[in-house]
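The numbers here are math on the coordinates, done by the rules we state, and not lab data. Since the structure is predicted, the reported quantities are computational estimates derived from the model, not experimental observations. Neighbour counts run over all protein chains shown; Cβ positions are idealised from the backbone, glycine included.
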Amino acid sequence: MKTIKEAITYSYEIEKSKFITIIIPMENKEYIDLELKKIKEKWKDASHYCYAYIIGEYKKSSDDKEPGGTAGIPMLDALNQSDLYNVLAVTVRYFGGIKLGAGGLVRAYRKSITECLNNNSDKIVEITDGYLLKLITTYDKQKDIERQFKRIKNKEYSENITYYIELTIDEYQELKDKFEFEIINNKKIEI
């Protein structure tokens, strides 16, 4: 399973139509409308704002007034074939005056995703199932803890140190008897 570290873009032209693709890492589908609004504000005069997303178990696509099945579904298929997870992909189209036909639109929208990913392969990372954990320890163990764990997301200082750490399921199974973790939530972890 894979995701992206940061938003990526790609644009190209076909038959005078311009396609601009933006793929955004997204862990919560409640932010989709906000991201779509930002994109529509940035490219105000575009003809279409087609999108597809895979966030957790949720998958959805939209043709945004393109003929049914010619934009969102090919975009979603490209995300699935790339094994991407927790992403929103939006392709902004500026219609150039030449109709591409259903087959041409399917190819163009699929290409928008695959080329965006191919041109930004350095931003794609492997992920796996894991946990966000809480670990409370004394100050004298700080160096040992910080040497032991690579993915410390946050720490809070008070009488003790509270660490928020990400571990894969395998890492957790290996270490759960050695440390007193509190599981905060299940999470996809970059490996």
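Numbers below:
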| quantity | calculated |
| --- | --- |
| Rg(Cα) / (2.2 N^0.38 Å) computed for the stretch 38-191, rounded to two decimals | 1.47 |
| Whole-number D in µm²/s for the stretch 89-146 (Stokes-Einstein; Kirkwood sum over Cα pairs; 10 °C, 1.306 mPa s) | 96 |
| Calculated over the stretch 2-119: convex hull of Cα atoms, volume per residue (Å³) | 91 |
| Dimensions (Å) - the stretch 45-88, Cα atoms, principal axes, largest first | 30, 18, 15 |
| Listed residues Leu36, Leu76, Leu135, most fluctuating in the chain (Gaussian network, C-alpha, under 10 Å) | Leu135 |
| Qualifying trypsin sites (Lys or Arg not before Pro) for the stretch 27-111 [loop in DSSP, other Cβ within 10 Å: at most 14] | Lys44, Lys65, Lys99 |
| Contour minus Cα-Cα distance for Thr162 and Glu182 (0.36 nm per residue) | 6.1 nm |
| Computed over the chain: relative contact order in percent, which uses C-alpha pairs under 8 Å that are six or more apart | 24 |
| Calculated FRET efficiency for the pair Lys155/Glu6, C-beta based, R₀ 22 Å, to 0.05 | 0.40 |
| Thr137 versus Ser121: modelled label distance in nm, points set 7 Å from Cα along the beta carbon direction | 3.8 |
| Mean residue ellipticity (222 nm) of the chain, computed from DSSP H runs ≥ 4 via -39,500 (n - 2.57), nearest 500 | -8500 deg cm²/dmol |
